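A quick write-up on the structure given underneath.
The values are calculated or read from the model by the stated rules, or taken from the named source; none is laboratory data. Here the structure is a predicted model, which is why all the values come from computation and not from measurement. Every residue, glycine as well, gets a Cβ built from its backbone with ideal geometry; the counts of neighbours run over all protein chains shown. Side chains are part of the model used for accessible areas, which takes the heavy atoms of the whole protein and leaves out ligands, DNA and RNA. Shrake-Rupley method; radii C 1.70, N 1.55, O 1.52, S 1.80 Å.
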Amino acid sequence: MTADGALRAGGAAAWQADPYTYALRTGRGPLFLRRHDGRLLPLEVERWCAAADSADLTVLKRCRGAVLDIGCGPGRLVTALAELARPVLGIDVSPVAVARTVRSGGSALCRSVFDPLPREGSWDTALLIDGNIGIGGDPPALLARLGRLVRRDGTVLAEAAPLDLDERVLVRVDDGRGALGSVFPWARVGAPALRRHAEAAGWARTEQWSVAGRSFVALRRPAGSG
């Protein structure tokens, strides 16, 4: 999960006061996304702040060439790839997330995926893990942006929600104890919806797999496409 939408909605000052910042500094929750209807969606802060797990490793072994981790959070995937001497860059709008990634030995920039980025059009692999397909609340727009970041024969590896859903909601980060972040748009999509959104943005699903209750999809552009 990333704070990309939160920062764009509320500004840097609001983000610095967000409970997500505190959770990253301590490496633990509880932390939730609070929907506009009051429902709380748990966020796995402890897993994000730990080393890459068995499910993550199935993603990392599918990475090819230079990797861009979008919404890298505290950087466990960036760090794991760096330890394998793989060229990798993480981006996140949270300064605390970027600092933690760098302290762990990874390379990261404090940027939104919608900002100008290094090597646009030449990344071999882009990652949208931990629900980051939801950035901006508009999966087709996000996937279209990735089409300008990834090379023509490159790959997007995305994590889908484990349920068959397709929703766009307004959310706030909530620590369950009264601290709330700014409102921002978010999306939650299961694998079927992700495939539909990908096709609308010019991507085709090439692989789908599940590990430890998590679901992943590999996307590439069809041969001969524009």
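Only one of R151, R172, R188 is of a type outside the set (D, E), touching a helix residue (DSSP H, G or I) at 6+ places or on another chain (Cβ under 7 Å) and not in a helix (DSSP H, G or I); which?
Result: R188 is the single residue among R151, R172, R188 that is of a type outside the set (D, E), touching a helix residue (DSSP H, G or I) at 6+ places or on another chain (Cβ under 7 Å) and not in a helix (DSSP H, G or I).
Identify, from the list R76, R34, the residue that is in contact with a helix residue (DSSP H, G or I) (Cβ under 8 Å, 6 or more places away or on another chain), modelled with pLDDT of 95 or more, open to solvent by 10 Å² or more (accessible area, probe 1.4 Å) and among the charged types (D, E, K, R).
R76
Could you please find all residues in segment 134-148 being among the hydrophobic types (A, V, I, L, M, F, W, C) and either open to solvent by less than 10 Å² (accessible area, probe 1.4 Å) or touching a helix residue (DSSP H, G or I) at 6+ places or on another chain (Cβ under 7 Å) (or both)?
Selection gives I135, L142, L143, L146.
Tell me, yes or no, whether segment 159-172 has at least one residue that is surrounded by fewer than 21 Cβ atoms within 10 Å (Cβ to Cβ), closer than 24 Å to D37 by Cβ, touching a residue at least 60 places away in the same chain (Cβ under 8 Å) and of a type in the set (A, V, I, L, M).
yes
Just to be sure before I move on: is E207 part of a strand (DSSP E or B), of a type outside the set (A, V, I, L, M, F, W, C) and open to solvent by less than 60 Å² (accessible area, probe 1.4 Å) in the structure I sent?
Against the criterion (part of a strand (DSSP E or B), of a type outside the set (A, V, I, L, M, F, W, C) and open to solvent by less than 60 Å² (accessible area, probe 1.4 Å)), E207 does not qualify.
Give the residues of segment 192-204 that are surrounded by fewer than 21 Cβ atoms within 10 Å (Cβ to Cβ) and of a type in the set (G, A, S), sorted by residue number.
A193, A200, A201, G202, A204
Show the residue pairs that are 6+ apart or on different chains and have beta-carbon atoms under 6 Å apart, the first residue being within segment 59-82 and among the hydroxyl-bearing types (S, T, Y), the second being crowded, with 24+ Cβ neighbours inside 10 Å.
T79/G106
Looking at this structure, is A187 modelled with pLDDT of 95 or more, open to solvent by less than 10 Å² (accessible area, probe 1.4 Å), within 17 Å of the chain's Cα centre (by Cα) and closer than 15 Å to L40 by Cα?
yes
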